[in-house]
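Take a look at the structure below.
The values are calculated or read from the model by the stated rules, or taken from the named source; none is laboratory data. These numbers were taken from a predicted model, which means no experiment stands behind them. So basically every Cβ, Gly included, is an ideal-geometry build from the backbone, and we count neighbours across all protein chains shown. Areas reflect the complete protein model, heavy atoms only, side chains present, ligands, DNA and RNA absent. Shrake-Rupley method; radii C 1.70, N 1.55, O 1.52, S 1.80 Å.
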Number of protein chains: 2
Amino acid sequence: MRKILLKLSFCGTGYCGYQVQNNGITVQKCVQDAAEKIFGERPPVTGCSRTDSGVHAREFYCTLELSEKANVIPTDKIYAAMNSALPNDISVHSAEEKDGDFHPRYSVVYKEYEYLIWNNRIRDPFSEKLAFHYPKKLDIEAMNEAAQKFVGKHDFAGFMSSGSDVADTVREIKYFTVSGEAGGFVRFNVAADGFLYNMVRILSGTLIAVSEGKLTADSVPSLIESKDRSKAGATLPPHGLYLNKVVY
Amino acid sequence: MRKILLKLSFCGTGYCGYQVQNNGITVQKCVQDAAEKIFGERPPVTGCSRTDSGVHAREFYCTLELSEKANVIPTDKIYAAMNSALPNDISVHSAEEKDGDFHPRYSVVYKEYEYLIWNNRIRDPFSEKLAFHYPKKLDIEAMNEAAQKFVGKHDFAGFMSSGSDVADTVREIKYFTVSGEAGGFVRFNVAADGFLYNMVRILSGTLIAVSEGKLTADSVPSLIESKDRSKAGATLPPHGLYLNKVVY
């Protein structure tokens, strides 16, 4: 068995998320289709994360498991072969041979997500599906102050949408920064050892609530403590969210 | 008669250019439809330029000519009313009342276009329709040197696609710059008092030919002199082109 780790980026607009499902085209299905074309067999494809419908990835990893019978393509030629077989909104940046015990999901040390906001009273015609349009002036300083209160190891049970079956809701946020300027693009960048279902979109909605004066930085510790989803901010829409970095 | 100048931006991907035509949806038609909704009459709409199918605009101007019978909307409220009636890939930034002798096309002093290139061996999934993908490493310095040879007043007859009926092909290029870095986005910015049909796309293709060593900066004056379309570079595709700035 040959295990190949692919580094991808994709625009999530046209996809029902990463993971194969019955009711729509997914990134995983496209990768599997492309791999079948070039390797002459349909390999198992395992991703580093299950991104939701409409969510983007600037950096995403998945493995292909090839049998002895697969067409032999030198590792440094795989990215170009895959790109020729994939749709234009998915790119393969590189390929690397990995040991059998490497797992694209469980071997992750930490991941960084970005939530991208177009913060202007006028919508941006070029980022309709690539950034969340928020027209009122954001308070960058207040949001950044609040973001720092989330850093560290906490039980984030209140920052998870229902429909998830995880038992352990403790996660460690390594960093959480707010950058950019009101009037242009504003970015929330958050890195952690793992994320709960919709966690980044809820954390982002909570920072918006801080900007709107509905919550304060000082109230964040008790908000986390409450483990009460209804006390946090709204779940922002998927099209502003990017998986930005994956560290193994 | 009330003449209103609108400042727009639009993503050209979904449009058959600016100007109303029979075989597809145009930006002009959308502006007219939106104006009809909010003013209760369908006003004449005149644009600053006829952008081609797939071409974008970061700054574009058009006038609405309203009769006495049109709904009265204060000038500073028009942008918001128009935005609520327009599709999301067209934005109105502002509205301004103008004199009867102002003309959105003939009153232009100069315009600036940008040609945007994603210059990386790997395509960018997020700019498929927003930048031209050129995979080979561009020679920024050589292109910038060549661009300077185009600046000034010249007969650009060799830099025009057929299908245009203009008699005078002399135009004055005010500036022409190449910026960015190989590996990322590269921008050609060119300003002139007017442009011939496909002129920016042909100038851009000519700079690419310089980067490829097929032409040199020193050959530009004789290339212009020849007035021979076949000696210039290729016409690059429309989706990398932006009307960037319009100065009255």
TODO: List the distances, in nm and shortest first, from the label point of A:Glu172 to the matching label points in every other copy, placing each point 7 Å from Cα along the Cα-to-Cβ direction.
DONE: 6.6
TODO: Leaving out ligands, DNA and RNA, calculate the buried accessible area for the pair A and B with a 1.4 Å probe, summed over both sides, in Å² to the nearest 100.
DONE: 2000
- [ ] Give the distance, in whole Å, between the Cα centre of the stretch B:28-78 and the Cα centre of the stretch A:29-62.
- [x] 44
Task: Accessible-area composition of the protein assembly as shown, carbon plus sulfur, in percent [1.4 Å probe] - done: 48
TODO: Post the alpha-carbon centroid distance, the stretch A:183-248 to the stretch B:155-218, in whole angstrom.
DONE: 46
Open item on the list: With the cut-off at 1.5 for a/c, could you classify the stretch A:79-186 from its C-alpha gyration tensor as rounded, prolate or oblate?
Closed with: oblate
- [ ] Calculate the mean, over all residues of peptide B:116-126, of how many other protein chain Cβ atoms lie within 10 angstrom of the residue's Cβ.
- [x] 5
Task: GluC sites (Glu not before Pro) within the stretch B:172-248: DSSP coil, no more than 14 neighbouring Cβ in 10 Å - done: B:Glu181, B:Glu212
- [ ] From largest accessible area down, sort A:Lys149, B:Lys136, A:Lys3; use a 1.4 Å probe on the protein chains.
- [x] B:Lys136, A:Lys149, A:Lys3
Task: Nearest-20 debye value, chain A charge dipole, Cβ charges on Lys, Arg, Asp, Glu - done: 380
Open item on the list: Between B:Asn88, B:Asn23, B:Asn71, where does the largest GNM mean-square fluctuation fall for chain B, given springs only between Cα atoms within less than 10 Å?
Closed with: B:Asn23
Task: For the stretch B:116-167: rounded, prolate or oblate by the Cα gyration tensor [a/c cutoff 1.5] - done: oblate
Task: Estimated 222 nm signal from helices in chain A, with DSSP H stretches of n ≥ 4 weighted -39500 (n - 2.57), rounded to 500 - done: -6000 deg cm²/dmol
Task: Accessible-area order (highest first, 1.4 angstrom probe) of the listed residues A:Val247, B:Val246 - done: A:Val247, B:Val246
- [ ] Sort shortest first the distances from B:Gly100 to its counterpart in every other copy, using label points 7 Å along the Cα-to-beta-carbon line, and give them in nm.
- [x] 8.8
Open item on the list: List the lysines whose Cα sits under 23 Å from the Cα of A:Lys69, skipping any in the same chain fewer than 8 residues away.
Closed with: A:Lys3, A:Lys29, A:Lys37, A:Lys77, A:Lys98
- [ ] Using a 1.4 Å probe and ignoring any ligands, DNA or RNA, find the accessible area of B:Leu223 and quote it in Å² to the nearest 10.
- [x] 10
Open item on the list: With every protein chain left in place and a probe of 1.4 Å, what is the accessible surface of B:Cys11, to the nearest 10 Å²?
Closed with: 20
Task: Cα gyration tensor category, rounded, prolate or oblate, for the protein assembly as shown with a/c compared to 1.5 - done: oblate
Open item on the list: How high is the relative contact order of chain B? Use alpha-carbon pairs under 8 Å, at least six apart in sequence, and give a whole percent.
Closed with: 23
TODO: Could you pull out every one of the lysines with an alpha carbon less than 16 Å from that of B:Lys174, ignoring same-chain neighbours closer than 8 positions?
DONE: B:Lys111, B:Lys149, B:Lys153, B:Lys245
Task: Accessible surface, 1.4 Å probe, highest first, among residues A:Met143, A:Met1 - done: A:Met1, A:Met143
Open item on the list: Keeping all protein chains in the complex and leaving out DNA, RNA and ligands, what accessible area do you get for B:Arg42 with a 1.4 Å probe, in Å² to the nearest 10?
Closed with: 110
Task: Exam field: B:Pro221 pseudo-label spacings to other copies (7 Å along Cα-Cβ), nanometres - done: 7.4
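Got the relative contact order for the stretch A:134-248 handy, in percent, Cα pairs under 8 Å and 6 or more residues apart?
Normalised by residue count, the contact order of the stretch A:134-248 is 32 percent.
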